[in-house]
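Inspection log for the structure reproduced underneath, given as structure tokens.
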Amino acid sequence: MSEFQRSPSMYHASIALGALDLSRKALLTIPLERRDAAVGALTAYHTSIGQLKTEIVSNSVPRDVSLWTTFFLGLFELMHDMTGEGWVKHFLYGTSNMLQLRGPEAHISGSGRSFFLTVRVFEICRALIYSEPTFLCRPEWMSLTTKIWNEDLHNGWHPKEPLVWDLLKPGSNYPSMLLHEALLELAAEGFAVRSALGDWYATFQKWSANTGTPAHNPQSVLATIYFHTISIYLSGIFDYRAQFDEIPAPTISRAVVQQHVDAILRMTEITLKTTNLAAVLFIFPLRVAGARVTASPETESIHAMFRDISTRGFVVADAFTADLKSLWRQKGI
């Protein structure tokens, strides 16, 4: 029997995810059956948490198993809690902390490496969506990522990997935003990121041409969507702060913003329909694009895509829909 099969917490976490997904399927047509499946999901979820605590205290299962259990519990929270608060709390104080306590060395190869590469995607999304720092930018974790990249250059590596790092790296820490020199420094950092973003896109296009990778490759589409998203996001850091109105800043024009928005909406809609990429990966791009739309057809498109993401199990999308609807009302759209 595998280590994973010997873990009651992993078993019940898997049952919780399966039952929750079943409760939302058209397969169950009787309301009572849906309710029973939902109750079973919550029961299994709480049982898993209790078993996980016992396993950690008694050290009765390998740490790799406990890590995967916390990850699955986090997925359950993403699918069950529309506020997203449970997932953020669980991810920050559960999965993320356990990962850090093990250190980079535990994730160089084997199951530890697989877990790191899986969780890394969700950690990046969390940091971008909530504008919070991430441990992934610490030197030791950056070194681990670079080591993995170098080993995978000829085995599935994709240029989307370094795309977000310049944006996620912690910037300068100034005691007061009122200092003119500090504003100039921050703007200079923004220009450096803008330049790195442009360089990345040029390299990405060259890589695609040299390797013959088609534009509709799922990883390439995801990378392109995030390129457009980060381009808008970077501009927004300076657009919405009056302190930068009187100094040069790495902003982009409304016309260019609109081009990025159009690309995000078009590509995300197609990707949701034609690929198996996790729908949660598109929450950040749609939220960024949603803040910049100017017409009702765009809001309707974003609303439909968030509804699709929610239908696929990630009900946290509903919170972003509500947030954007409030913003759209303020803008008179």
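For segment 60-67, check the following and say yes or no: at least one residue is closer than 28 Å to Ala223 by Cα and either touching a residue at least 60 places away in the same chain (Cβ under 8 Å) or in a helix (DSSP H, G or I) (or both).
Checked against the condition, which is being closer than 28 Å to Ala223 by Cα and either touching a residue at least 60 places away in the same chain (Cβ under 8 Å) or in a helix (DSSP H, G or I) (or both), segment 60-67 yields at least one hit.
Output the number of residues of segment 244-260 satisfying the condition of being part of a loop (DSSP other than H, G, I, E, B) and of a type outside the set (S, T, N, Q).
In the first step, residues of segment 244-260 are kept if they are part of a loop (DSSP other than H, G, I, E, B); the result is 245-253.
Imposing the further condition that a residue be of a type outside the set (S, T, N, Q) reduces the set to 245-250, 252.
Summing the residues that are part of a loop (DSSP other than H, G, I, E, B) and of a type outside the set (S, T, N, Q) in segment 244-260 gives 7.
Conditions tested, residue by residue: (1) modelled with pLDDT of 90 or more; (2) of a type outside the set (Val, Ile, Thr).
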| position | (1), (2) |
| --- | --- |
| Gln51 | yes, yes |
| Thr69 | no, no |
| Val88 | no, no |
| Gln100 | no, yes |
*May I ask you to say which residue of Lys160, Lys169 is modelled with pLDDT under 70, more than 24 Å from His46 (Cα to Cα) and touching a Leu at 6+ places or on another chain (Cβ under 7 Å)?*
Lys160
*Residues of segment 192-219 being under 30 Å from Ile247 (Cα atoms) and surrounded by 14 or more Cβ atoms within 10 Å (Cβ to Cβ), which ones?*
Val193, Arg194, Ala196, Leu197, Trp200, Tyr201
*Unique residue being surrounded by fewer than 16 Cβ atoms within 10 Å (Cβ to Cβ), within 26 Å of Phe135 (Cβ to Cβ) and more than 19 Å from the chain's Cα centre (by Cα) when the list is Lys53, Lys25*: Lys53
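When you look at Thr275, is it within 22 Å of His216 (Cβ to Cβ), modelled with pLDDT under 95 and in contact with a helix residue (DSSP H, G or I) (Cβ under 7 Å, 6 or more places away or on another chain), yes or no?
Values: within 22 Å of His216 (Cβ to Cβ): yes; modelled with pLDDT under 95: yes; in contact with a helix residue (DSSP H, G or I) (Cβ under 7 Å, 6 or more places away or on another chain): yes.
Yes; evaluated as a whole, the condition is true for this residue.
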_Count of segment 6-22 residues which are crowded, with 17+ Cβ neighbours inside 10 Å and either touching a residue at least 60 places away in the same chain (Cβ under 8 Å) or over 26 Å from the mean Cα position of the chain (by Cα) (or both)_ = 8
*Mind telling me which of the residues Leu234, Leu277, Leu286 ends up being surrounded by 15 or more Cβ atoms within 10 Å (Cβ to Cβ), in contact (Cβ under 8 Å) with a residue 12 or more places away in the chain and not in a helix (DSSP H, G or I)?*
Leu277
*Would you be able to say whether some residue in segment 17-34 is among the polar types (S, T, N, Q) and closer than 19 Å to Arg102 by Cα?*
no
_Of the conditions (1) assigned to a loop (DSSP other than H, G, I, E, B); (2) over 20 Å from His228 (Cα atoms), Trp328 satisfies every one except a single condition; which number is it?_
(1)
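Please state which one of Ala202, Ala192, Ala263 is without any contact (Cβ under 8 Å) to a residue 12 or more places away in the chain and assigned to a helix (DSSP H, G or I). Show your work before the answer.
Details: Ala192 fails: without any contact (Cβ under 8 Å) to a residue 12 or more places away in the chain; Ala263 fails: without any contact (Cβ under 8 Å) to a residue 12 or more places away in the chain.
That would be Ala202, the only listed residue that is without any contact (Cβ under 8 Å) to a residue 12 or more places away in the chain and assigned to a helix (DSSP H, G or I).
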*Take segment 68-88 and flag every residue that is among the acidic types (Asp, Glu) and outside any helix (DSSP H, G or I).*
Asp81
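The values are calculated or read from the model by the stated rules, or taken from the named source; none is laboratory data. Just so you know, these numbers come straight off a predicted model, no measurement behind them. Note: ideal-geometry Cβ built from the backbone for every residue, glycine included; neighbour counts use all protein chains shown.
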